[in-house]
Structure formats: structure tokens, C-alpha cells
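These notes are about the structure you will find just below.
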Amino acid sequence: MVTGGAGFIGSNLVRAFAEEPGVGEVVVVDDLSTGSLDNLLDVPARTFIGSVCDPDLLDGAMAGAASVVHLGALGSVPRSIDDPLGSHHANATGTLTVLEAVRRHGVPHFVLASSSSVYGANPILPRREQLRPLPVSPYAVSKLATEAYALAYAACYGLAVLPFRFFNVYGPRQAADHAYAAVVPKFVTAALRGRPLQVHGDGHQTRDFTYVRSVTEVIVDAVRRRVSAADVVNLAFGVRVSLRELIAELEEVLGRRLEVSHGPPRAGDVRDSQADSGRLRELFPSARQYPLRTGLAETVAWLSGQVLVQR
Ligand code: NAD
């Protein structure tokens with residue numbers, strides 16, 4: 001079962017499961033708040049529309065599940081600054097509600113998406129999992145709660161859990177046209193429409209951009225081998241790319257110069273981010289990293305189709 005399966009990472013994951021021999025039925029729970037059924041149009045999945053905060057819906061969806069991959073959440077730091085309670089409800093209360101359903105149904109394996117934003121104001125790079133989390137946004141606090149709940153369920157109920165910290169995941173099916181869109185789809189869409197790329201701050205802030213296929217491959221492997229861990233695991237490869245470098249790569253992919261405009265830095269944003277991927281490599285020796293150029297080219301190809309359709 002995949003919560004948030006109609007979203008960006010979720011729908012890529014459901015596709016990856018569909019191609020995996022030996023995987024039975026894939027069940028999706030999603031309230032479509034940021035996801036879309038269009039993302040699942042051509043994939044075999046049984047879909048339950050509703051919230052992860054609804055125990056009855058979860059009971060219907062979860063019966064017989066071999067693993068639960070919990071991705072359903074309200075992403076975005078700025079969204080959480082506008083509506084902290086909304087983010088807390090979907091992310092923290094939602095995770096606790098899913099974990100209770102997992103306990104009721106005796107599901108043996110639980111994979112969770114937390115976020116690199118939990119490292120927040122801690123200045124140490126690369127981000128090792130043992131660093132003290134210093135979240136600086138309501139979103140980051142809600143994600144820290146989700147991983148703490150998962151680890152508490154492992155300690156109290158013996159549940160096999162695997163709490164990942166995703167970094168900046170990008171790729172096809174990431175929504176571009178909403179106020180809280182992530183930087184890669186925002187930049188690519190602006191570039192395709194011939195509009196300036198809006199950078200918050202000087203553009204020297206860095207991120208560990210992770211192509212979505214790396215993430216889905218690791219999660220499929222985790223489910224197949226029932227991998228669990230006693231603590232959180234970074235799911236990124238230790239690549240530190242500034243927004244200026246990201247724009248330069250995009251210019252290479254598109255074969256032209258792009259116009260950039262700078263605004264003030266955003267509240268709640270972390271300055272630098274780079275994973276230590278040692279633990280990931282131990283647990284998933286075959287994890288594959290895709291070059292930024294390759295991932296951006298595939299993202300541009302997909303978003304080009306979307307932008308053309310919207311014209
Ligand atoms: P997304 O917004 O595309 O997907 C989230 C999905 O969850 C959407 O389909 C949405 O409709 C659904 N959802 C939201 N609230 C829900 C609720 N209450 N009940 C049921 N479904 C709900 O975002 P994504 O980028 O695919 O993120 C997936 C997960 O990964 C999230 O937990 C997010 O916090 C985490 N994450 C993502 C990134 C990234 O860079 N994309 C980084 C760190 C963590």
C-alpha cells in the first residue's frame with residue numbers, strides 16, 4: 001500500500017512496483033490535495049480517495065498489506081508557514097493514524113518519507129543522520145514527528161520500520177503549477193514558457209538534488225527485501241549543487257541562456273543541504289545515482305509535454 005500514491009514520488013513508485021515481478025496488488029490512498037489521478041492513468045492500482053487521517057478508509061485499504069509505504073503528506077516549507085496546523089494534521093497526525101492502522105492490521109513492514117529539512121539550522125555538512133535536528137519550519141517539525149513516531153512504534157510494538165530522509169527529489173510528474181511548487185519544476189516550466197527564473201536569495205544556496213528514479217528503486221528494493229533500520233536513513237547521494245549551478249545545467253540541457261531574477265531569501269529555507277550517504281550505501285549497495293544532466297533532461301522532456309498541453 002502506498003499513501004500519497006497519486007503524488008509525484010508516489011505515482012513514480014506505483015509505476016515501479018507495477019514493473020516489478022512478484023509484486024501483487026498495489027493499493028493507493030490519496031486525498032488528491034496535491035496529487036492527481038492523471039498521474040495513475042495507465043497504471044494498475046486500486047485507489048482509495050480520502051485522507052490518511054481517516055481510520056475507516058485505512059481499514060478498507062490496508063487489509064492484507066505486506067508493506068506500507070507512507071508518502072502521503074503536505075509538502076513545502078512555505079505552505080507550512082502559511083498553515084502550520086494544516087501541515088501538522090496531514091503529516092504528524094496523519095502518520096500516527098497510519099501507524100495505528102498498521103498496528104491494527106498487523107502489517108509487518110513500514111517505510112516512511114521524512115525530509116532533510118529536519119537538519120534545519122544545524123550548520124554541519126554533510127548531513128549525517130546522527131546530527132542534532134534543528135528544524136526551522138513547521139513542515140520540518142512535522143516531519144521530525146513522523147520519523148520519531150515510526151521509531152517509537154518499532155521500539156514499543158516491534159514494527160519493522162524504515163524512515164527515510166529524502167532531500168530535493170525531482171523528476172517527471174512533479175507538479176509545477178501551484179504556489180508551493182518545488183524549485184526544479186518551477187525553473188523548468190518558467191524556462192519552457194520563456195519567463196525569468198525566480199531565485200530567492202543569491203542563488204548560492206545548495207541542495208542535494210536526487211532524481212526520482214533513484215528514490216523509487218531504493219524503495220522497491222526495501223519492500224522486496226523487507227529492509228528495516230534502527231534509525232533514520234538519508235536517501236540522497238551527497239551531491240551539493242547550488243541553484244546557480246542548477247540553472248547552468250538547465251541552460252546546457254535546453255541549449256540556450258536563461259533569464260534570472262533575484263528576490264529576497266525565504267523564511268524557513270535552509271541555506272545548504274548535502275547528505276552523508278554512508279548508511280544508504282550500507283543498506284542498499286546497489287542504489288543508483290543518476291547524473292543531474294540525465295535527470296534534468298528527462299524532467300524537461302516530460303514537462304515540455306505538459307506545458308504544450310496547457311497552451
Ligand atoms: P506530492 O505533493 O506530489 O505527493 C504527496 C501526496 O500526498 C499527494 O498526492 C497528496 O494528494 C497526498 N496527500 C496529502 N495530504 C494527504 C492526506 N491527508 N491524506 C492522503 N493523501 C494526502 O509530494 P512528493 O514530492 O511526492 O512527496 C512525497 C513525500 O515525500 C511526502 O511525504 C513529502 O513530505 C516527502 N518529501 C518529498 C521531498 C521532495 O523533494 N519531493 C523531499 C523530502 C520529503
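The values are calculated or read from the model by the stated rules, or taken from the named source; none is laboratory data. Since the model is a prediction, treat every value here as computed from it, not as a measurement. Quick reminder, even Gly has a Cβ in these numbers, built from the backbone with ideal geometry, and neighbours come from all protein chains shown. Areas reflect the complete protein model, heavy atoms only, side chains present, ligands, DNA and RNA absent. Shrake-Rupley method; radii C 1.70, N 1.55, O 1.52, S 1.80 Å.
Worth pointing out:
- Those residues of region 97-117 which are surrounded by fewer than 18 Cβ atoms within 10 Å (Cβ to Cβ) and touching a Phe, Trp or Tyr at 6+ places or on another chain (Cβ under 8 Å), in sequence order: ARG103
- Top-ranked residue in region 101-146 [being touching a strand residue (DSSP E or B) at 6+ places or on another chain (Cβ under 8 Å) and of a type in the set (S, T, N, Q); ranked as nearest to SER273 (Cα to Cα)]: SER116
- Among the criteria (1) within 26 Å of LEU85 (Cα to Cα); (2) touching a Ser or Thr at 6+ places or on another chain (Cβ under 8 Å); (3) assigned to a helix (DSSP H, G or I), the one HIS178 does not fulfil is (3).
- Scanning region 59-110 for residues being basic (Lys, Arg) and free of Cβ contacts under 8 Å to residues at least 60 places away in the same chain gives a total of 2.
- Checking each residue in region 8-46 for being of a type in the set (S, T, N, Q) and surrounded by fewer than 18 Cβ atoms within 10 Å (Cβ to Cβ) picks out SER33, SER36.
- Scanning region 238-257 for any residue that is surrounded by 13 or more Cβ atoms within 10 Å (Cβ to Cβ) and at positive phi turns up at least one such residue.
- Some residue of region 198-211 being crowded, with 22+ Cβ neighbours inside 10 Å, of a type in the set (Ser, Thr, Tyr) and at pLDDT 95 or above: yes
- The set of residues from region 58-77 being more than 9 Å from the ligand (Cβ to nearest atom) and in contact with a Phe, Trp or Tyr (Cβ under 6 Å, 6 or more places away or on another chain) comprises ALA61, VAL68, VAL77.
- GLY171 meets the stated requirement of being within 15 Å of the ligand (Cβ to nearest atom) and either in contact with a Ser or Thr (Cβ under 7 Å, 6 or more places away or on another chain) or open to solvent by 10 Å² or more (accessible area, probe 1.4 Å) (or both).
- Whether a residue is under 20 Å from the mean Cα position of the chain (by Cα), open to solvent by 70 Å² or more (accessible area, probe 1.4 Å) and under 24 Å from PRO138 (Cα atoms) was assessed, and ARG266 does not pass this test.
- Subset tally (residues that are part of a loop (DSSP other than H, G, I, E, B) and within 21 Å of the chain's Cα centre (by Cα)) for region 190-228: 5
- Selection status of GLY158, open to solvent by 10 Å² or more (accessible area, probe 1.4 Å), more than 11 Å from the ligand (Cβ to nearest atom) and at positive phi: yes
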